[in-house]
Amino acid sequence: MSATPNSEALRDRYRIERDKRIRPDGNDQYIQPIGRFSHYLDDVWTEVESRPPLTDEVTFAFIGGGFAGLVVSSSVGEVTDDVRIIEKGGDFGGTWYWNRYPGAMCDTTSFVYMPLLEETGHMPSEKYAHGPEILEHSRRIGRHFGLYDSAVFSTEVTALDWDDEAKRWVITTNRGDAMRARFVAIGAGPLHRPKLPGIEGIELYAGHSFHTSRWDYHYTGGDPAGAPMTNLADKRVGIIGTGATAVQCIPHLARSCGELYVFQRTPSSIDVRNNAPTDPDWFATLDEGWQQEWLENFTTLQTGGFVDEDLTMDGWTDLSQRIRDKAIENGDFTPEGLVRAYHDSDDEKMTELRARVEQVVDDPATAEALKAWYRQLCKRPCFHDEYLQAFNQPNVTLVDTDGRGVERIDETGVWANGEHHQLDLIIYASGFEVGTDYARRCGFETTGRDGRTLSEHWDRGMVSLHGIHMHGFPNLFMVGPNQGANLISNVPHNFVERARTIATVVGRALEAGADEVEVTAEAEAAWVKRLEDGGRTFGNDPDCTPGYYNNEGHLASAEDRRNFLGFPDGPMAYFAYIDQWRSTGRFEGLDFR
Ligand code: NDP
């Protein structure tokens, strides 16, 4: 291992690199794919079929057909068989429906990332499964739990309104529907609205372009399984962005493109991946209930806890065990001691990763530009065994902009560092909206009792009980990590637990014949206070290099920080708490009427 540099010197370097990248416009540097850019959102996977508008009624409707919708609906299916998923894509899969770029794969081991493996009898083929397998697994869940029968696809919700007289939600869509539902849950995904970089002249470009979440295989050739993109053999291709998505698709582009230009503003940190096929003999030895055990094992280790064995041996568990072991080494478990342990272990890790770049990348200047100068958790940590290697190919050029980003785009290509690069194709690997208003990201407004909108209810930040129930919004459930476990390293684990809670609450309401179930204002306020007092929040470190993890480097207001609050004692404590809350049968804080 290379020597860890003096931590003060590192700190200075991190600060300099960060300051280069802070922009006064923060989140506003990005543009929405609307108006003249709306074609970037077109569904390239499914032809929309016409159908008559729906005005019928279901017991339980779920908005969003990704893992959240699939997992929750499969659980709710145990208390009512009248469940409908409404999805804007042409099939189930959510992020895996849209993101079919070559090389897409999960970043947390498949055995905990892919939900309902035991229920559906699926063995992931690899430790880190590729996109097509995960998309197919989504379909498998849909088939297994009979969710296709009632699902409506290619349907975007435009408004959700509570009819207080009828005690029903009215779901309006872009297909002219006005469906009604007794209960509604929303799981629209934290990363579901693509964003484009607001680069001067972006609208002028006359060549071909697309966002990574709408990969155009008609243009490139190839397929999501990674077949060579033969149409690119004589093309000059530019990709803007070097986040987790770009890291996965660049090795494929490097193999196919005549010339590939990678426009980099900030390098990602790239640790080893070590993917491997699953041994079916080993898989057959797993006992019933193994997946829940693996989920708990992963989450315990990932959040600093102790278990005898690391079952997943994942990059994420390694990362947190290093911090924990450093605290043991330092013998200091005070809050300050834990911060120091985090800093010490991170300095070691990042030094190791920068050394890895030097070992892998032949050209010293390119290697230097690919080194990440920030703490590993400032941005999504990446793991890949072919990304850095791609820069050794003669057809691949890294255009590092030293934190400034692409200058402008014109009819024929991209300007960076004062130089023009003529391109046939521009691929935007520019990510998804995270820091913008909820209704904008979600794509529709929710209006509860007395005409009060969710945007109004959350105008000072998210407020809820357990991240699920909102006062004034009866029979409505939110599904995500926020204000609950807030487990970011394995988002589906949050859904598994939310599914159990929502199914139990809906089951109780149906059993009791209650028209409405709603959190009291007091219980909602008390929950938010409990989380605020605990102060456990995700990201928002102003010392970090800017990105969506920290509101683009701008200190978030107390209100904005509410969105990212988690249970004070961490995810495992939340799961234990909510399990207990459910099983007492008292449903404290909820009013069944
Ligand atoms: P990101 O938001 O992580 O990356 C966007 C990229 O665009 C950044 O590199 C950003 O640079 C760059 N960029 C923006 N504007 C400009 C500009 N003007 N000039 C040059 N570069 C620019 O998006 P991703 O789609 O990569 O990832 C989003 C998230 O999706 C991940 O963080 C992860 O949570 C998830 N994901 C998960 C995967 C998995 O689990 N398998 C795989 C892929 C994604 P800068 O860094 O300087 O802002």
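I'd like to check something: does the stretch 96-111 contain any residue that is within 27 Å of residue 504 (Cβ to Cβ), crowded, with 19+ Cβ neighbours inside 10 Å and within 13 Å of the ligand (Cβ to nearest atom)?
yes
Residue 358 - would you say it is within 23 Å of residue 29 (Cβ to Cβ), at pLDDT 95 or above, of a type in the set (D, E, K, R) and more than 12 Å from the ligand (Cβ to nearest atom)?
Considered against the rule, which asks whether it is within 23 Å of residue 29 (Cβ to Cβ), at pLDDT 95 or above, of a type in the set (D, E, K, R) and more than 12 Å from the ligand (Cβ to nearest atom), residue 358 comes out as no.
Give the residues of the stretch 537-562 that are crowded, with 21+ Cβ neighbours inside 10 Å and more than 15 Å from the ligand (Cβ to nearest atom), sorted by residue number.
562
Here are 212, 173: which of them is outside the structural domain of residue 79 (by TED's automatic domain parsing) and among the hydroxyl-bearing types (Ser, Thr, Tyr)?
Every option except 212 fails the conditions.
Looking at the stretch 249-266, which of its residues are within 11 Å of the ligand (Cβ to nearest atom) and open to solvent by 10 Å² or more (accessible area, probe 1.4 Å)?
Listed by number, the residues that qualify are 265, 266.
Which one is surrounded by the fewest Cβ atoms within 10 Å (Cβ to Cβ) among residues in the stretch 150-173 that are in a loop (DSSP other than H, G, I, E, B) and within 25 Å of the chain's Cα centre (by Cα)?
First, the residues of the stretch 150-173 that are in a loop (DSSP other than H, G, I, E, B): 150-151, 153-156, 164-167.
Next, from what is left, pick out any that are within 25 Å of the chain's Cα centre (by Cα): 151, 153-156.
On the way: 151: 20, 153: 20, 154: 19, 155: 25, 156: 16.
Out of the qualifying residues, it is 156.
Select from the stretch 402-432 the residues that are touching a helix residue (DSSP H, G or I) at 6+ places or on another chain (Cβ under 8 Å) and open to solvent by less than 10 Å² (accessible area, probe 1.4 Å) and write down the one among them that is farthest from the ligand (Cβ to nearest atom).
Of everything passing the filter in the stretch 402-432, 425 is farthest from the ligand (Cβ to nearest atom).
Check off (1) modelled with pLDDT under 95; (2) surrounded by fewer than 14 Cβ atoms within 10 Å (Cβ to Cβ); (3) part of a helix (DSSP H, G or I); (4) within 16 Å of the ligand (Cβ to nearest atom) for residue 16 and give me the number that stays unchecked.
Result: residue 16 fails condition (1) only.
Among the candidates 226, 243, which residue alone is small (Gly, Ala, Ser), at pLDDT 95 or above, away from the ligand (no atom under 12 Å from the Cβ) and open to solvent by 20 Å² or more (accessible area, probe 1.4 Å)?
From the options 226, 243, the qualifying one is 226.
What number of residues within the stretch 559-586 are in contact with a Ser or Thr (Cβ under 8 Å, 6 or more places away or on another chain) and in a loop (DSSP other than H, G, I, E, B)?
3
For residue 23, only one of the following conditions fails: (1) within 16 Å of the ligand (Cβ to nearest atom); (2) under 30 Å from residue 358 (Cα atoms); (3) not in a loop (DSSP other than H, G, I, E, B). What is its number?
With (1) within 16 Å of the ligand (Cβ to nearest atom); (2) under 30 Å from residue 358 (Cα atoms); (3) not in a loop (DSSP other than H, G, I, E, B) applied to residue 23, the lone miss is (3).
Quick check, is residue 582 more than 16 Å from the ligand (Cβ to nearest atom), open to solvent by 10 Å² or more (accessible area, probe 1.4 Å), of a type in the set (Lys, Arg) and more than 29 Å from residue 305 (Cα to Cα)?
no
From 282, 316, which residue is closer than 30 Å to residue 572 by Cα, buried (at least 19 other Cβ atoms within 10 Å of the Cβ) and not basic (Lys, Arg)?
On the way: 282 fails: buried (at least 19 other Cβ atoms within 10 Å of the Cβ).
Unique residue meeting the criteria: 316.
The values are calculated or read from the model by the stated rules, or taken from the named source; none is laboratory data. Fair warning: this is a prediction, and the values are worked out from it, not measured in the lab. With ideal geometry, Cβ positions are generated from the backbone for all residues, glycine too; neighbour counts draw on all protein chains shown. These accessible areas exclude ligands, DNA and RNA; they are computed on the full protein's heavy atoms, side chains included. Shrake-Rupley method; radii C 1.70, N 1.55, O 1.52, S 1.80 Å.
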